[in-house]
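To start, the structure itself, in structure tokens.
The values are calculated or read from the model by the stated rules, or taken from the named source; none is laboratory data. Predicted model only: the values in this text are computed from it and were never measured. When we count neighbours, we look across all protein chains shown, and the Cβ atoms used for this are built from the backbone with ideal geometry, even at glycine. Please note that ligands, DNA and RNA were not included when accessible areas were found on the heavy atoms of the full protein model with its side chains. Shrake-Rupley method; radii C 1.70, N 1.55, O 1.52, S 1.80 Å.
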Amino acid sequence: QVQLVESGGGLVQAGGSLRLSCAASGSIYRTDAMVWFRQTQGKQRELVAFMPTGGTTVYADSVKGRFTVSRDNAKNTVYLQMDSLKPEDTAVYYCNAQILLETFRFGTYWGRGTQVTVSS
């Protein structure tokens, strides 16, 4: 079964940087779209960045110019580089992946999340 694991969260001061990683493992034939979400307690989950199989990554207006997504297909890993962090970026960050399995079944998978806290 496919598993996604996020890492890299933590506590950082405003203006600082963090890099989150999301590693996928399992019987993966191909990883297609990768998505980053975030959620603050009591608020609706927000899309942060959408990285399609091909084309240009789309970022939420709130993070555009500060966050950058990249991926390493050989490692089945996607990264979220977060610069110039603001207190309002505080949230649990989740990765989501659309994956084609070696059995040619297609599925969408979620990680368990990693906490990012930005202090003033």
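Over the Cα atoms of region 30-88, what is the Rg over Rh ratio if Rh follows Kirkwood?
For region 30-88, the value is 0.99.
Compared with the alpha-carbon gap, the fully stretched path from Asp83 to Phe106 is longer by 4.9 nm at 0.36 nm per residue. Neighbours of Gln39 by Cβ distance under 9 Å: Lys/Arg scored +1, Asp/Glu scored -1, total +2. Computed with a 1.4 Å probe over protein heavy atoms only, the accessible surface of region 2-46 comes to 55 Å² per residue. Only protein atoms count toward the accessible area here, which uses a 1.4 Å probe; on the chain, the carbon and sulfur part of that area reaches 47 percent. The convex hull around the C-alpha trace of the chain, projected and averaged over every direction, spans 7.2 square nanometres. Each Cα pair under 8 Å and six or more residues apart adds its sequence gap; the mean of these over the residue count of region 1-100 is a relative contact order of 37 percent. Between Asn73 and Ser120, what is the FRET efficiency for a Förster distance of 35 Å, r being their Cβ-Cβ separation, to the nearest 0.05? With R0 = 35 Å, the Cβ-Cβ based efficiency is 0.40. Mean separation of Cα pairs under 8 Å and 6 or more residues apart, divided by the residue count, gives region 41-95 a relative contact order of 23 percent. Counting only DSSP beta bridges whose two residues both lie in the chain, roughly 90 percent are antiparallel.
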